[in-house]
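**Q** Encoded as structure tokens, here's the structure I'll be asking about.
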Amino acid sequence: MNQKQGISVRTVVAIGIGTAIFFVLMRYIPIPTGVPNTNINLAYGFLALMGAIFGPIAGGLIAFLGHMFTDLTWGEPWWTWIIADGIYGVLFGLTKKSLNIESGALSKRKLILFNVYQIIITILVWGVIAPTGDVLIYSEPASKVYLQGITSVICNALSVGILGTILLVAYANTRSKKGSLKEES
Amino acid sequence: MNNNVLIGYKKRDNFVDRLTGTTKLIGLIALSVIGMVSFDTRFLLVLTVGSLVLFRLSGIRFREVSFVLSFITAFSVLNLAAVYIFGPQYGVHLYGSAHVIWQGIGPYNLTWEQLFYEFNLFLKYIFTIPLALIFLMTTNPSEFSSSLNRIGISYRISYAVSLALRYIPDVQKDYRQISKAQQARGNEISKKGKLTHRVKAAAQILLPLIFTSLDRIETISQAMELRRFGKLKKRSWYAQRPMKKNDFVALLGVAVVVLVGIYLFRVNGGRFYDPFN
């Protein structure tokens, strides 16, 4: 009766609502950096939280769909960056097990490790995958796309490092800690 | 934020509007991918003109999209300028010849090759705009998710997409309310404020926005669970429409365009059309 078929209902809804928020954050409150088409995106801090709560499938799809809708409303689906975004979301989703945010305890050590991890994946995705895709597929000059790439690495790492960390801590504080209830004697 | 709500389906009775969402989705993906890969100027020109014609046929008014168009134009110009600043010789490198128009300082001269390459980029930037806008403005969101399901994506994910489209206006409304409340308390988030203030104020809007939304996820998923969502392998869609003759004609047209694009790779011996040699 209760056999699992694919992803759970909660994940489905998380993808839906998450995409809506990601879209609104990315589309309406970007903070421009001065480099064309590269913004400080608060959406990525949010993505870190969603990945940590709902796992890789939700993280990947929220980022992929949210970025795709944003680009569509600008009229230019920039596929290389959309796919890079999906990979970024999946990588955030992988933190679910190790952060174990539902249990309510986020130690300093976990937060530092999370930030080291996020800097590594940010460099991997926005410094390597996305610009290389642009060079290979859109054939744009390497120096230009790598400048865009490096700018996004800095912006996204900051967005995740500051906003993402704040959100993770705030969320963990709303969860009840494991073993916080004691049996009365 | 108020004047550019673009995901707004309105019924318009015409050829483009009557195509099913499946057709429009496949068409958009196929055409944007082939246009992304191809650097054949003739092909890109035909794509651009074709998508403008479709835009005309779709009956979308210019003033509905003028705001977005002005923004995109500005972005494209910035991008093209950045390409020139960082790779003034990139066209020469790609086409392997140099026809100098104007001898500038150091590498910063102007060649036909560079102009031609940037013209190609420009076409690539703009040809998808009419297509994407047509897709967004003439596709019913519920029908869109049924189309996703039809092209083979699991119905859970299709349903998630339709939830996203359903809740974007709600999230926008929440955001606006929270931001007005914060502004009433003296937090400046518009361009008038300092950057540090804006970042801080943005965070103060985000926390309540995100936490109400997390609650919302719980409520909606419980409601869906109660209605036994996801218990079976398949589901039917209220908004699904059957494919008609016009859909097959349109899909055939898309297939022909894509095949021509692929055929041109062979003719040109690569992705680039080179008029210089």
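**Q** Which whole-number percent gives the relative contact order of the range B:161-226, counting Cα pairs below 8 Å spaced six or more residues apart?
**A** Computed value for the range B:161-226: 29 percent relative contact order.
**Q** Please give the charge dipole size of the protein assembly as shown, origin at the Cα centre, charges +1 on K and R Cβ atoms and -1 on D and E Cβ atoms. Round to the nearest 20 debye.
**A** Here the size comes out at about 1580 debye.
**Q** Dipole of chain A, Cα-centred, from +1 at each Lys and Arg C-beta and -1 at each Asp and Glu C-beta, to the nearest 20 debye?
**A** In debye, rounded to 20, chain A gives about 760.
**Q** Quote the relative contact order of chain A in percent (integer), defining contacts as alpha-carbon pairs under 8 Å separated by 6+ residues.
**A** 26
**Q** For the pair B:F75/B:R42, report the inter-label distance in nm, with labels modelled 7 Å from Cα in the Cβ direction.
**A** It is 3.2 nm.
**Q** Which residue, B:A30, B:A81, B:A223, has the most motion in a Gaussian network model of chain B that connects Cα atoms within less than 10 Å?
**A** B:A223
**Q** Using a 10 Å cut-off on Cβ to Cβ distances, tally the other chain neighbours for every residue of A:107-117 and report the average as a whole number.
**A** 0
**Q** I would also like to ask the following. Could you work out how far helix A:165-174 tilts from the main Cα principal axis of chain A, as a 0 to 90 degree angle to the nearest 10?
**A** 20
**Q** Additional query: Please identify the DSSP H helices in chain B that span no less than 15 Å along the helix axis (Cα) and have a mean Kyte-Doolittle hydropathy of 1.0 or more.
**A** Membrane-span-like by this rule: B:21-37, B:41-58, B:62-86, B:112-138, B:245-268.
**Q** Follow-up question, since we're still on this one. Just to check, using Stokes-Einstein with a Kirkwood Rh over alpha carbon pairs, what's the diffusion coefficient of the range B:161-226 at 4 °C and 1.567 mPa s in µm²/s?
**A** So the translational diffusion coefficient is about 98 µm²/s.
**Q** Let me ask another. Against the longest alpha carbon principal axis of chain A, how many degrees, from 0 to 90 and to the nearest 10, is the axis of helix A:43-54 turned?
**A** So the inclination is approximately 40 degrees.
**Q** Let me ask something else. For peptide B:24-34, what's the mean number of Cβ atoms from other chains within 10 Å of each residue's Cβ?
**A** 1
**Q** Return the inverse of the average 1/r over all pairs of distinct C-alpha atoms in the range B:89-177, which is the Kirkwood hydrodynamic radius, in Å to one decimal.
**A** Result for the range B:89-177, one decimal place: 17.2 Å.
**Q** OK, next. Rounded to whole Å and sorted largest first, list the principal axis extents of the Cα atoms in the protein assembly as shown.
**A** That gives 91, 57, 42 Å along the principal axes, largest extent first.
**Q** Would you work out which of B:V256, B:G270, B:S236 lies farthest towards the positive end of the dipole of the range B:232-277, given +1 charges on the beta-carbon of Lys and Arg and -1 on that of Asp and Glu, about the Cα centre?
**A** So the residue we want is B:S236.
**Q** So, one more: Identify which of B:W237, B:W112, B:W102 has the largest mean-square fluctuation in a Gaussian network model of chain B, with springs joining Cα atoms closer than 10 Å.
**A** Largest GNM mean-square fluctuation: B:W102.
**Q** Share of Cα-Cα pairs in chain B beyond 35 Å, in percent?
**A** 38
**Q** Which entries in the list A:K96/B:K234; A:K144/B:K124; A:K144/B:K200 go over 19 Å, if you measure between the two C-alpha atoms of each?
**A** Distance filter (> 19 Å) returns A:K96/B:K234; A:K144/B:K200.
**Q** Could you state the orientation-averaged shadow area of the convex hull built on the Cα atoms of the range B:194-277, in nm² to one decimal?
**A** Dividing the Cα hull surface by four gives the mean projection, 14.6 nm².
**Q** Between A:I31 and residues 5 or more places away or on another chain, which pairs have amide H atoms under 5 Å apart, with H built 1.01 Å from N, and which residues are they?
**A** HN-HN under 5 Å from A:I31: A:I40, A:L42.
**Q** According to the Kirkwood expression over distinct Cα-Cα pairs, how big is the hydrodynamic radius of the range B:1-122, in Å?
**A** Kirkwood radius, the range B:1-122: 17.3 Å.
**Q** Please give the direction-averaged projected area of the C-alpha convex hull for the range A:38-92, in square nanometres with one decimal.
**A** In nm², the orientation-averaged hull projection of the range A:38-92 is 3.4.
**Q** When each pair of different Cα atoms in the range A:9-174 is counted once in the 1/r mean, what is the Kirkwood radius in angstroms, to one decimal?
**A** That comes to 15.7 Å for the range A:9-174.
**Q** Considering chain A as a Gaussian network with a 10 Å cut-off on Cα pairs, which listed residue, A:P56, A:P77, A:P141, attains the greatest mean-square fluctuation?
**A** A:P141
**Q** Could you give the dipole magnitude of the range B:161-226 about its Cα centre, charging the beta-carbon of Lys and Arg +1 and that of Asp and Glu -1, in debye to the nearest 20?
**A** For the range B:161-226, the charge dipole is close to 620 debye.
**Q** Classify the range B:76-227: rounded, prolate or oblate, from the alpha-carbon gyration tensor (a ≥ b ≥ c, eigenvalue square roots; a/c under 1.5 rounded; otherwise prolate if a/b is larger than b/c)?
**A** Oblate.
**Q** Would you calculate a helix-derived [θ] at 222 nm for the protein assembly as shown, using -39,500 (n - 2.57) for each DSSP H run of n ≥ 4 and dividing by the full residue count, to the nearest 500?
**A** So the helix-based figure for the protein assembly as shown works out to -22500 deg cm²/dmol.
**Q** Using a 10 Å cut-off on Cβ to Cβ distances, tally the other chain neighbours for every residue of B:203-215 and report the average as a whole number.
**A** Other-chain Cβ atoms within 10 Å of each residue's Cβ, averaged: 5.
**Q** Moving on to the next point. Any idea how far the Cα center of the range A:148-183 sits from the one of the range A:36-57, in Å?
**A** Value for the Cα centre distance between the two parts: 11 Å.
**Q** At a threshold of 8 angstrom on Cα-Cα distance, excluding pairs fewer than six apart, so keeping six or more, what relative contact order does chain B reach in percent?
**A** 31 percent.
**Q** Which is farthest toward the positive dipole end of chain B among B:L136, B:Y159, B:W102, measuring Cα position about the Cα centre, with Cβ charges +1 (Lys, Arg) and -1 (Asp, Glu)?
**A** The residue sitting most towards the positive pole is B:Y159.
All of the numbers you see were taken from the coordinates with simple rules; none came from a lab. Quick caveat: nothing in here was measured; it's all calculated off a predicted structure. Note that each Cβ is placed from the backbone with ideal geometry, even for glycine, and that neighbours are counted across all protein chains shown.
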